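The values are calculated or read from the model by the stated rules, or taken from the named source; none is laboratory data. Predicted, not measured: the structure shown is a model, and the values here were computed from it. Cβ sites come from the backbone with ideal geometry, for glycine too, and all protein chains shown count toward neighbours.
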C-alpha cells in the first residue's frame, strides 16, 4: 500500500536561464508535472508514493524517470510510449514570479495513457489518490483517469483533486469547465487556486466562491483555496481559516508552489484524517503549507526543488521568534 498514488502528466519545464555569449536565450530543463511535483514533496515529508503516467521513450522521458526515481517516487507504473514524444513546456517568468506556459503536446505522451495500462490493484490499495485535469483534456486518457478514480474510491482511498487549469491545452474552456466539474464531484480534498475558483463560480470573493462549490459538490470535505501572495484559506464543516502567505522576498518563480502546498495538505490528511479537524489544526496545516510553498518559489524548477521538512520547520520557528520580539 502506498500513502499516495498520483496520476497525470510528467513533463519537462524549460525555464529561462539567461542568455548565451551570442545573446541567444538559454533554458534549463527542469523535471516537472503537477502530480509528480506533489509526490516529490510528499517524499520529503516521509510518505510512500507512486506515479501513474506515460512519457515518450526518448531522452526526456528517460531523464524524467530517473529524476523522479532519485526523488524516491516509485516509477514502476510509468509507461514509455515509442510513438508519442515526452511533453515539453516552456515557461516565461514575469517580474512578480508569475508564469506563462507554451506547451509542446500535440500529441504528448502523457495524453496517450490508456485504461489497459493502469495498475488497478495498486491504485485500489492507495490511501490517497491524487489527480488533476491535464489527464482529462483528451478522450483516451480521460477514460483512464475516470477508471482510476473509480477503482481508488472502490478501494477506500481518499480522493484528492487539483484543477491546475492550463487554458492552452483545452479545445474549449467549456470542456475544461465540464472536466473540472467532474473532478470536483469526485474529490474529498480539493486544492483550488483563486483564478480557478473564479472560473468555476464567477466569484472573486473567496468565501462566496467556496460556499458555491461546497453547496454544489457536498462530497468535498476539505476545501483549500490558494490566493498567491495573499495566503491561503481552508473551509471545513462550519470552519473558515485564513493564514497569510510567507513573504520574505527572494521569489524567483512560482512553478511548483501550488503542488508543494497540495502535498503538505495531503501529508496533514494522512496524519490526522478527515474527521474532527480543529480550527487550530487547520491553521497549523496552512502555515506549514504556505511556508513550504514559499521556499519553492525561491528556487528554479519544482520536482528537484522541494524543501526538507526540517527546513520548513526552521523557517516557521524563525518567523515565530521574530514576531514575538
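Of the strands (runs of 3 or more DSSP E) lying entirely inside the range 1-75, those containing at least 1 residues that are farther than 30 Å from residue 156 by Cα span 11-19, 25-32, 49-56.
With the structure loaded, tell me whether residue 185 is more than 17 Å from the chain's Cα centre (by Cα), under 21 Å from residue 266 (Cβ atoms) and modelled with pLDDT of 95 or more or whether it fails that test. Answer is yes for this residue. Would you be able to say whether some residue in the range 128-137 is in a helix (DSSP H, G or I), within 24 Å of residue 188 (Cα to Cα) and in contact with a strand residue (DSSP E or B) (Cβ under 8 Å, 6 or more places away or on another chain)? Looking for residues that are in a helix (DSSP H, G or I), within 24 Å of residue 188 (Cα to Cα) and in contact with a strand residue (DSSP E or B) (Cβ under 8 Å, 6 or more places away or on another chain), one finds at least one in the range 128-137, hence yes.
Pick from 90, 103: which is surrounded by fewer than 24 Cβ atoms within 10 Å (Cβ to Cβ), at pLDDT below 95, touching a strand residue (DSSP E or B) at 6+ places or on another chain (Cβ under 7 Å) and over 30 Å from residue 311 (Cβ atoms)?
103
A count restricted to the range 255-289 and to residues that are over 21 Å from residue 314 (Cα atoms) and modelled with pLDDT under 95 stands at 1.
Screening residue 79 on (1) surrounded by fewer than 16 Cβ atoms within 10 Å (Cβ to Cβ); (2) in contact with a strand residue (DSSP E or B) (Cβ under 6 Å, 6 or more places away or on another chain); (3) within 22 Å of residue 43 (Cβ to Cβ) shows it passes everything except condition (1).
Taking the range 208-325 as the region of interest, the strands (runs of 3 or more DSSP E) fully inside it that hold 3 or more residues being within 16 Å of the chain's Cα centre (by Cα), crowded, with 16+ Cβ neighbours inside 10 Å and on the phi < 0 side of the Ramachandran plot are 222-226. Residues that are surrounded by 21 or more Cβ atoms within 10 Å (Cβ to Cβ) and within 20 Å of the chain's Cα centre (by Cα) within the range 46-66 comprise 49, 50, 51, 52, 53, 54, 55, 61, 64, listed in sequence order. Filter the range 141-177 down to the residues that are touching a helix residue (DSSP H, G or I) at 6+ places or on another chain (Cβ under 7 Å), assigned to a helix (DSSP H, G or I) and under 18 Å from residue 113 (Cβ atoms) and list them by number. Those that are touching a helix residue (DSSP H, G or I) at 6+ places or on another chain (Cβ under 7 Å), assigned to a helix (DSSP H, G or I) and under 18 Å from residue 113 (Cβ atoms): 141, 142, 143, 144, 145, 147, 148, 149, 151, 152, 169.
Determine, yes or no, whether residue 163 is surrounded by 22 or more Cβ atoms within 10 Å (Cβ to Cβ) and over 21 Å from residue 78 (Cβ atoms). Considered against the rule, which asks whether it is surrounded by 22 or more Cβ atoms within 10 Å (Cβ to Cβ) and over 21 Å from residue 78 (Cβ atoms), residue 163 comes out as yes.
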